[in-house]
Structures are given as structure tokens and as C-alpha cells.
Amino acid sequence: MTAKVVLFDFDGTIADTYNAIAKITNQLSSEFGYKALNEEELLLLKNLSSREIVKLSEISIFKIPFLVRRVRSELSKEIADLSPIKGMTSILFELKNRGYTLGIVTSNNKENVEIFLRKNKLDSLFSYVYSSTSIFGKHRVINQAIRNNSLRKADVIYVGDETRDIRSSRKSNIGVVAVSWGFNSAEILQEYHPDYLADTPQELLQAINLHHSQTATTTVN
């Protein structure tokens, strides 16, 4: 039987962490040497790729892993009070009921993810959680998840809300659904040519089912 595996990004894709992360990132601006942004400026970032945002901030590339760790540490103080993206809970349960294996590959830390999943009664849905502080090396973690669980790349699709999620999926040679309700806008996501672009959780479900039916047909042929 063909496996059906969906790997999810966490922040902005499953968990509604955008406002919390934006607030924390602004609070750390003086410590890490970049400019704090107001609400209007934050909205403009939605139309920039991850690499463009890093370049615009002028933060040293060597500081980024330390910044990611600090953001994750500060987020741990709020994670239990945050909620899933509206409509995602029912979609996750539906995917599980349809026989999909679900996993998470994230730049957040595993402890934060597990606290959030338990608090929102989603922990039973996910078979594994993989984490990395490298914001541009997620493909390595995706590959680790595939290797550790003996998955075929043709059976795996990734779901994320940023341009770097699309780039990482391409580097890992797996399918990708970009969702427009997280950090990046639909416009910039479309420029990176995901296999599917979903504007609602229901559209995400349809995209995943379509992808699996197409890959299953290809495998048979």
C-alpha cells in the first residue's frame, strides 16, 4: 500500500504564532542590532522572501542561529496560550482519518511544539516532530525525517507558509503546498512556484488529496 505522508511547518501554518513572534523579534532588536518594525512595516515584509528579509534587516548571518534560539526561548513563555490557525484542527483530524501519516519539520524547538500540541489535543495526530535552528537549512531536516522513517520522497508532501519552505521542499525533491495565511503573502509565495497554493485549510485538504491521487496514479503507471 502506498504511504501517504504530510510534513508540516509549525509556526504560521498550524499554530497562530505570527503576532507573538513579531512582538518578540521587535523586543530583541536592540540586542541583535536590527531595526524594530511597526505594524505597517511588518505587513510589507509579507511580500518579501526570507532571504530578502534577512538582507533588509542587515543582521549578521552569524547571529541568526542565536536570534532563532532566543525567539524560541521567549516564545516558550507564551506557547501554551496560543491557538491553532482557524480551521486547521478539523483538517488535521480529517487527514489522519483518511490514513495520512502526519509529521512536523520546524525552526521552532521540539518542546514548544509538543506543549502546543498537547494543550490543543493534537499530539495524537503527529507521528514525529523534527526541529532545527537553521532557517535556510530546513531541507536537511526534511531529508532526516524521510531517512529516519524510511519514506519514499514520492509519497511525501510538505506544507509551509514561507518562501524558504518552498525552496527547502524543492531541494529535498518532494511536493509542496504553500499556505497564504501565515508569514508570506500569496503573491510572493506564487512567485516561488509551489505545486499548490492554498488560501484556506479546506483548500489545503483538497490540494493534499489531489497530490496523493496524482502520485498514486503515476506509481501505478
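Details
- Of SER150, THR106, PHE136, farthest towards positive along the dipole that unit charges on Lys, Arg, Asp, Glu beta carbons give the chain: SER150
- Alpha-carbon Debye profile of the stretch 114-155, log10 I(q)/I(0) at 0.29 Å⁻¹: -0.96
- Checked against a 31 Å cut-off, the cross-linked pairs LYS86/LYS153; LYS86/LYS110; LYS121/LYS171 give Cα-Cα distances beyond that limit for LYS121/LYS171.
- Summed over qualifying helices (DSSP H, 4 residues or more, each -39500 (n - 2.57)) and divided by its residue number, the chain shows a 222 nm mean residue ellipticity of -14500 deg cm²/dmol.
- Global size of the chain as Cα Rg and Dmax, reported in angstrom: 16.9, 57
- Cross-link reach is defined here as a Cα-Cα straight distance under 16 Å, omitting same-chain residues fewer than 8 places apart; for LYS35 the lysines meeting it are LYS23, LYS55, LYS63.
- Amide proton proximity set for ALA15, modelled H, under 5 Å, gap of 5+: ILE85
- Around the amide H of SER131, modelled in the peptide plane, lie the amide H atoms of THR106, all under 5 Å away and 5 or more residues distant in sequence or on another chain.
We did not get these values from a lab; they are worked out from the coordinates using the rules stated. Just so you know, these numbers come straight off a predicted model, no measurement behind them. Here Cβ is always computed from backbone atoms with ideal geometry, including for glycine, and neighbour counts include all displayed protein chains.
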